[in-house]
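These notes are about the structure you will find just below.
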Amino acid sequence: MIERADDGGRRVARGLLEMSAGNGRSGAQPDVDVVIAGAGFAGLYLLHRLRELGFTAKVFEAADDVGGTWYWNRYPGARCDIPTTDYTYSFDPALETEWTWSEKYATQPEILRYLDFVATKYDLRRDISFATRVDAARWDDDAALWRLRVSNGTDVTCRYYVMATGCLSLPKEPDIEGVGTFAGELYHTSRWPHEGVDFTGKRVGVVGTGSSGIQSIPLIAAEAAELTVFQRTPNFSFPAHNGAIAPSRRAALAADPAAYREAAKWSRGGIPGEPPQLATFSVSPEERQARYEAAWEAGELFEMLGVFNDVLVNQAANDELASFLRSKIRSIVADPETAEALCPVDHAFGTKRPCLDTGYFATFNLPHVRLVDLRKHPIRAVTPTGIDTVDESFELDALVLATGFDAMTGAIVAVDISGRDGVSLKEKWAQGPTTYLGLTTTGFPNMFMITGPGSPSVLSNMAVSIEQHVDWVADCLADMRTSGFDTIEPTPEAESGWVHHVNDCADITLYPTANSWYMGANVPGKPRVFLPYVGGVDGYRGACDEVVSRGYLGFALSGPGGEQCNDGIVRRLQPDVAMVLEMMAALGLPTMETMTPADARAFSEAMAAERPPGPDVGETVDGVLPGAGGEQLAYRLYRPATPGPHPIVVYFHGGGWLIGSEVSDDPLCRDLCVRSGLIVVSVNYRHAPETRFPGAADDALAAVRWVADHAAQLGGAPGRLAVAGYSAGANLAAVVCQLARDEGGPDIAGQVLLNPVTDCDFSRSSYLENGDDYILTTVLMRWFWDNYADPADRTDPKASPLRATDLRGLPPALVVTAEFDLLRDEGAAYAEALAAAGVAARHLPARGQVHTSVGMVDVVLSGAPVRAEMAEALRGFFSDAR
Ligand code: NA7
């Protein structure tokens, strides 16, 4: 039964009347409830689930039998690269006992036997049409059903249409000149003859060194008289160490199969295991090496990818591992020139699918095997007798193309699909696929994709991801039936939110830096979009479950039972911000407003001691300057490594006017200094409650004046000064700009305000939306204000700069606001008011950030582009800054 949210979502009460009215539709009944395209891992299980639920379902499969990818990819050496004990169905405990895998990584024939066993056990073939493709699918909005054209000439209608066509099923068109002219034997690894190929005594060429090439090359070499491997891009590969299933894994599975499978479902990649905790450079070089060696010995993709927690997010960490892997290649391959050519250098490890091999690199030590580096010797053309590179001709009896696939989207758009209003999916996805959860796409009601783009799919254990998608779809259809709905479609808002989230996750990793098939970069003309979801099987499953528990959030549902749409976005926080919030919640930290100011300061310092230090600057200089009350205020100057004199930015730390010091935002100040190339002087000010309003504001002005007067002494450029601040510090920066304008200077070239306090009004929407959950809470903000200023003083522009009657003539400004910050709306209002007063003010809303996150240098990577814009704005205030 679909849970109906009562949170204002649009809905129409359903009732018997509407049911009999049939929603104004033609009332056409489909031939079958569900059509599934594809009888691989996904299609088989979906058929089984749907039957169990009492739906009628029909599968169309282009091949002559079940198996999907394992039907087609019969090349020598084809195996899965996920341990087979994990690459297996888990929906029926009986399968665990009735089928036993023979080795760590099963061969293609064994996996195909398994799928045959499953198809037979559940009597699936009777609902599968083999050698039949879905050629076209058209949504009929009046009848609320899909009309399919099938290659055997029949037309079929169905209520729901599911693409279970696989991520790597449509071979990439061979894009090599003259390939059609080859007169010898021509093979593509993914369309291998069922009877096998005997290469004995033959001169064989292989083009392509992805997994298919790397798995098949050693076995082809064992037969061929001569083997020439034409390599365009070397790939990272390490030994699979295939053999018996690891005793530890076998034991864990045997001990409690259900718990083992459950752990897989809630793991990052779909194999039980804890995410890595250690960072590459947090251990000694010796320990690092030992861990690399252990991962090499383990021979598992996720062991290597997760050898440290920063392999896929930190270039330096990745370089370290890549060097180790290259050193292994050099240690195996005897000829140094060949070894160098086999060393990948153009992409970070893991950003293209790494390969698991059996004797791949050693194959190049065989006298009859030769590597041709196409980067140095490009192919001119395939000829009737072989391959001509620009400087040599190779005579070949057989040519093997291991050139890959139009991955993730190719097989989906290969079907001519048109949705609502006749829009074709190909057109909709011309700039890259957009989906909600990788399962559905707006404008194509009742169409589902199993492991579609925007889901973990190829970055995970496909078996686990397939089962999760199939279960989600099957449960959804059952829910809809119970609730009287028969049409489901994601909303544009939900889809665009998910697309943002998928990109946000990818953008904090190194993945988008590679020309990989994950990015669509292997197919000429395909848009460059990161296709899978990198946020993990666990995080993804959580999002899918949450969509359901929130009344199918982001889906419009309709049918005889009425209509319902709980519109919204399931994941709006930046992924790394969400992680930080989860970690903090898990620590169960006390809230500051429950402490004395002294304890809150000590607590804040203790937290700061744990954070990464931020980047190196040219130098730091600590000093003191006189405050407004005659006290000495400490400052820290951050000087860039470039030759000066540089303009100076006076920076004010955050901390609600109570907490912090000149060094409390140290990583942020370093970051701004390095990025902007300007001197940053972070000055302390007297804190509340010891010094209440307007002490901090007066100190801030005094500090700016002193720095302006002493610019040359500080090594800066006199007369060239800007201000910046964060939170209460941004409040002071804004106030200083107003005071300097009104009270005789100094000249301030610009202001950068990060999440500023600009007003004392707690009634804005952002307080109501974000006042409870994102570190800076309404209660805490109230505590800060209460300590800082009497109610009567709070409306003074010196406390609430938004209240100033005249904002004209203020310095240019960049105002950054975080989406999930209670201060968001007052920051936005200040930017707007400045602009209305003719000030060159820009508002930068930081999507998915919270009050504290943008400044978390080297923790919240998604904050980096925001900090880059802040630095750019600072530089822009001095357009000729060195
Ligand atoms: P991949 O990984 O896409 O590999 C294809 C290989 O073919 C790769 O080395 C390509 O080089 C090469 N290629 C493609 N087109 C050409 C042309 N025109 N000239 C020369 N070389 C070319 O496909 P696989 O089938 O090996 O593996 C796919 C996935 O299946 C694998 O990751 C596992 O998940 C299972 P490039 O890198 O583009 O320079």
(request) Give the angle, between 0 and 90 degrees and rounded to the nearest 10, that separates the Cα long axis of helix 864-877 from the longest principal axis of the Cα atoms of the chain. (result) 40
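Among DSSP beta bridges lying fully in region 104-240, give the percent that are antiparallel, nearest 5. List each step's numbers first, then the result.
Working: 10 of 15 bridges.
Taking every DSSP beta bridge with both residues in region 104-240, the antiparallel ones total about 65 percent.
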(request) In square nanometres and to one decimal, what's the mean projected area of the convex hull around the Cα atoms of region 166-298? (result) 12.9
(request) Can you find, among ALA829, ALA164, VAL548, the residue farthest towards the positive end of the dipole of the chain? Put +1 on the C-beta of Lys and Arg, -1 on that of Asp and Glu. (result) ALA164
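Residue separation times 0.36 nm, minus the C-alpha to C-alpha distance between THR154 and GLU185: what's the value? Could the numbers behind the result be given before it?
Values: separation 31, 0.36 × 31 = 11.16 nm, distance 3.57 nm.
Using 0.36 nm per residue and subtracting the Cα-Cα distance, I get 7.6 nm.
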(message) What distance in nm separates the two pseudo spin-label positions at GLU690 and GLU103, each 7 Å out from Cα along the beta-carbon direction?
(response) 7.2
(request) Keeping all protein chains in position, work out how much accessible area PHE117 exposes to a 1.4 Å probe, and write it in Å² to the nearest 10. (result) 50
(request) Under 11 Å from the Cβ of ASP576, count the other residues' Cβ atoms, weight Lys and Arg +1, Asp and Glu -1, and hand me the total. (result) -4
(request) Could you please state, rounded to a whole Å, how far the C-alpha centre of region 596-633 is from the C-alpha centre of region 544-559? (result) 48
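Rank-order 492-500, 41-49 by packing density, defined as the average count of other C-beta atoms within 10 Å over each peptide's residues, highest first.
Details: 492-500: 19.2, 41-49: 26.3.
The packing order, highest mean first, is 41-49, 492-500.
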(request) Find the eigenvalues of the gyration tensor of the Cα atoms of region 540-674, then list the square roots of 5 times those eigenvalues as equivalent ellipsoid semi-axes, largest first, in whole angstrom. (result) 45, 21, 14
(request) Taking the chain as the reference, fit the longest principal axis to its C-alpha atoms, fit the long axis of helix 492-507 to the helix C-alpha atoms, and give the angle between the two in degrees, 0 to 90, nearest 10. (result) 90
(request) With r as the distance between the Cβ atoms of ARG380 and ALA294 and R0 = 41 Å, compute the FRET efficiency 1/(1 + (r/R0)^6) and round to 0.05. (result) 0.35
(message) Once each part is reduced to its C-alpha centroid, what is the distance from region 370-393 to region 102-144 in angstrom?
(response) 40
(request) Report, please, the projected area of region 706-773 averaged over directions, based on the convex hull of its C-alpha atoms, in nm². (result) 5.9
(message) Using only the alpha-carbon atoms, how far is helix 728-742 inclined from the longest principal axis of the chain? Give it as 0 to 90 degrees, nearest 10.
(response) 50
(message) Please report the net charge: other residues with Cβ closer than 14 Å to the Cβ of ASP616, K and R +1, D and E -1.
(response) -1
(request) For region 366-500, just list the percent of Cα-Cα distances falling in each 10 Å bin from zero outward, please. (result) 10, 29, 22, 14, 16, 8, 2
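Show THR513, THR442 ordered by accessible area, largest first, where the area counts protein heavy atoms only and the probe is 1.4 Å. Don't jump to the answer; show the numbers that get you there.
Details: THR513 90, THR442 25 Å².
In descending accessible area the options line up as THR513, THR442.
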(message) How large is the direction-averaged shadow of the alpha-carbon convex hull of region 743-782, in nm²?
(response) 4.3
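For the chain, what is the accessible area per residue in Å² when the probe is 1.4 Å?
Details: 33740 Å² over 882 residues.
Here the residues of the chain average 38 Å² of exposed surface.
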(message) Once ligands and nucleic acids are excluded and a 1.4 Å probe is used, how much of GLU769 is accessible, expressed in Å² to the nearest 10?
(response) 110
(message) Only bridges whose two residues both fall in the chain count here: according to DSSP, what percent of them are antiparallel, nearest 5?
(response) 40
(message) Percent of Cα-Cα pairs more than 27 Å apart in region 608-751, please.
(response) 13
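Please give the net charge around SER323, taking every other residue with its beta carbon less than 12 angstrom from that of SER323, where Lys and Arg add +1 and Asp and Glu add -1. Spell out each step's value before the answer.
Working: positive: ARG288, ARG326, LYS328, ARG330; negative: ASP319, GLU320.
Spelling it out: positives minus negatives among the neighbours equals +2.
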(request) State the Cα centre-to-centre distance between region 183-225 and region 657-699 in whole Å. (result) 66
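So between VAL624 and GLU593, what do we pick up on full extension, going 0.36 nm a residue minus the alpha carbon distance?
8.2 nm
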(request) Sort TRP706, TRP139 by accessible area with a 1.4 Å probe, largest first. (result) TRP706, TRP139
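Give, to the nearest whole percent, the P(r) tail of region 813-882 beyond 16 angstrom, counting all Cα pairs. Kindly include the intermediate steps, with their values, before the conclusion.
Numbers: 1228 of 2415 pairs.
That fraction is 51 percent.
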(request) Just need the Rg to Rh number for the chain, please, alpha carbons only, Kirkwood Rh. (result) 1.03
(request) Evaluate the distance, in nm, between pseudo-label points positioned 7 Å from the Cα of VAL313 and of MET579 along their respective Cα→Cβ axes. (result) 0.2
(message) Rounded to the nearest 10 Å², what accessible area does ARG741 have for a 1.4 Å probe in the complete protein model?
(response) 80
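Just how large is the dipole of the chain about the Cα centre, in debye to the nearest 20, putting +1 at every Lys and Arg Cβ and -1 at every Asp and Glu Cβ? Present the calculation step by step, with values, prior to reporting the outcome.
On the way: 74 positive and 115 negative charges, 205 e Å.
Roughly 980 debye for the chain.
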(message) Going by amide H atoms built from the backbone, whose H comes under 5 Å of the H on TYR651, apart from near neighbours?
(response) VAL681, SER682, VAL683, ALA724
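Using a 1.4 angstrom probe with every protein chain in place, what is the largest-first accessible-area order of SER661, SER483?
Output order, biggest surface exposure first: SER661, SER483.
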(request) Any of LYS172/LYS328; LYS376/LYS526; LYS104/LYS328; LYS104/LYS376; LYS328/LYS352; LYS104/LYS202 with alpha carbons more than 27 Å apart? Name them for me. (result) LYS172/LYS328; LYS104/LYS376; LYS104/LYS202
(request) Set Lys and Arg Cβ to +1 and Asp and Glu Cβ to -1, take the dipole of the chain about its Cα centre, and tell me which of ILE217, VAL206, TYR774 lies farthest positive. (result) VAL206
(request) With the Cα gyration tensor of region 436-541 in hand, convert its eigenvalues to equivalent ellipsoid semi-axes via √(5λ) and list them largest first in whole Å. (result) 26, 15, 12
(request) Please state, to two decimals, what the Cα-based radius of gyration of region 279-438 comes to when divided by 2.2 N^0.38 Å (N = residues). (result) 1.40
(message) What distance in nm separates the two pseudo spin-label positions at GLU427 and LEU366, each 7 Å out from Cα along the beta-carbon direction?
(response) 5.2
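Leaving out ligands, DNA and RNA, what percent of the accessible area of the chain is carbon and sulfur, probe 1.4 Å?
52
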(request) Quick one: which residues, 5+ away or cross-chain, put their amide H under 5 Å from the amide H of PHE394? H built at 1.01 Å from N. (result) ILE387, ASP388, THR389
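The values are calculated or read from the model by the stated rules, or taken from the named source; none is laboratory data. Keep in mind that this is a model prediction, so the values were computed, not measured. Note that each Cβ is placed from the backbone with ideal geometry, even for glycine, and that neighbours are counted across all protein chains shown. Please note that ligands, DNA and RNA were not included when accessible areas were found on the heavy atoms of the full protein model with its side chains. Shrake-Rupley method; radii C 1.70, N 1.55, O 1.52, S 1.80 Å.
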